[in-house]
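Input: a single structure, listed below in structure tokens.
The values are calculated or read from the model by the stated rules, or taken from the named source; none is laboratory data. Owing to the predicted nature of the structure, the values given are computational and were not obtained by experimental measurement. Reconstructed Cβ throughout: ideal geometry from the backbone, glycine too, with neighbour counts over all protein chains shown.
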Amino acid sequence: MQDDFDQTAAPRPDAAPAEDADHLTHFGFQPVRRGEKAGRVRDVFDAVARRYDLMNDVLSVGVHRLWKNNLVDWLNPQPGCALIDVAGGTGDIAARILRRTKGQAAIHVCDINEQMLAAGRRRDQALAAGVNWIAGNAEALPFADASFDAYTIAFGIRNVTDIPQALREARRVLKPGGRFLCLEFSQVDVPILDTLYDFHSFRLMPQLGEWVGQNRAAYQYLVESIRQFPAQDDFAAMIGDAGLGQVKYRNQSGGIAALHSAWRI
């Protein structure tokens, strides 16, 4: 794991002006109207929900489990804290926090996709009973201001239509002194590994999605969405622009993924 990189929370000089609701955005490599993206993403996760956890293990050879453990280690949740895991439908992060706090935390899983929430509830009885499952949009969270000690999101923010708005919502629902942690695919910074990763992403992942996940198109979108997501420093700047402070990141596996940390000051 690399050392933390500090990122000054200064406005980006090239920040684009606000776009109206009908402006084009991307769905993978395909341009779509902004108002259409959430529905298309929902269709993707409806299609993969039942095999989502299996496919995570297959596609990452289990390495995603280490990355998620690293997220929880860096968060270091304490008994009695209130946490929200956004886009956390199957409960991977929630289950780890539940175990770490011995069930003594108020954990909310919020996901826009009902099928993913249902898959999370089916995982095991302890998880289903120990977590509050809420259908909600990352861009308009159904919670009051300053509700949580921590906000986590793992492999979800790249699917949001308006990422800056989702980041502003993260700040809004955090208490002063609250912690933001995001795990997301990022930009590989190791020579040779980047070439191997491209081969794995564009050749193997869609094929495995067809064979194991029984949905090639869904996994083709997921690969393309990874390539559309900002690089580490660019995403760190977006977090700072949203009003969160002390932004840092840690690369995972040579930058295949990255953990971004920030605080509501």
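With respect to (1) of a type outside the set (Val, Ile, Thr); (2) outside any helix (DSSP H, G or I); (3) farther than 19 Å from Gln115 by Cβ; (4) under 17 Å from the mean Cα position of the chain (by Cα), the lone exception for Gly80 is condition (4).
What number of residues in region 93-112 are surrounded by fewer than 24 Cβ atoms within 10 Å (Cβ to Cβ) and not in a strand (DSSP E or B)? Summing the residues that are surrounded by fewer than 24 Cβ atoms within 10 Å (Cβ to Cβ) and not in a strand (DSSP E or B) in region 93-112 gives 11.
Restricting region 134-150 to residues that are among the aliphatic types (A, V, I, L, M) and within 23 Å of Ile265 (Cβ to Cβ), the residue that is surrounded by the most Cβ atoms within 10 Å (Cβ to Cβ) is Ala138. With the condition kept exactly as written, say whether any residue in region 177-184 is surrounded by fewer than 15 Cβ atoms within 10 Å (Cβ to Cβ) and part of a strand (DSSP E or B). For region 177-184, residues surrounded by fewer than 15 Cβ atoms within 10 Å (Cβ to Cβ) and part of a strand (DSSP E or B): present.
Each residue in region 12-53 was checked for being out of contact with any helix residue (DSSP H, G or I) (no Cβ under 9 Å at 6 or more places or on another chain), of a type in the set (Asp, Glu) and either closer than 13 Å to Ala218 by Cα or modelled with pLDDT of 80 or more (or both), and 1 of them qualify. Checking Leu98, Leu83 one by one, the residue that is among the hydrophobic types (A, V, I, L, M, F, W, C) and touching a residue at least 60 places away in the same chain (Cβ under 8 Å) is Leu83 and no other. Residues in region 134-169 that are within 11 Å of Ile84 (Cα to Cα) and in contact (Cβ under 8 Å) with a residue 60 or more places away in the chain were compared, and the one that is nearest to the chain's Cα centre (by Cα) is Ile153.
All conditions in (1) modelled with pLDDT of 95 or more; (2) in contact with a Ser or Thr (Cβ under 9 Å, 6 or more places away or on another chain) hold for Ala106, with the sole exception of (2). The set of residues from region 113-133 being surrounded by 16 or more Cβ atoms within 10 Å (Cβ to Cβ), free of Cβ contacts under 8 Å to residues at least 40 places away in the same chain and not charged (D, E, K, R) comprises Leu117, Gly120, Leu127, Gly130, Trp133.
Number of residues in region 120-150 that are part of a loop (DSSP other than H, G, I, E, B) and either touching a Pro at 6+ places or on another chain (Cβ under 7 Å) or at pLDDT 95 or above (or both): the value is 10.
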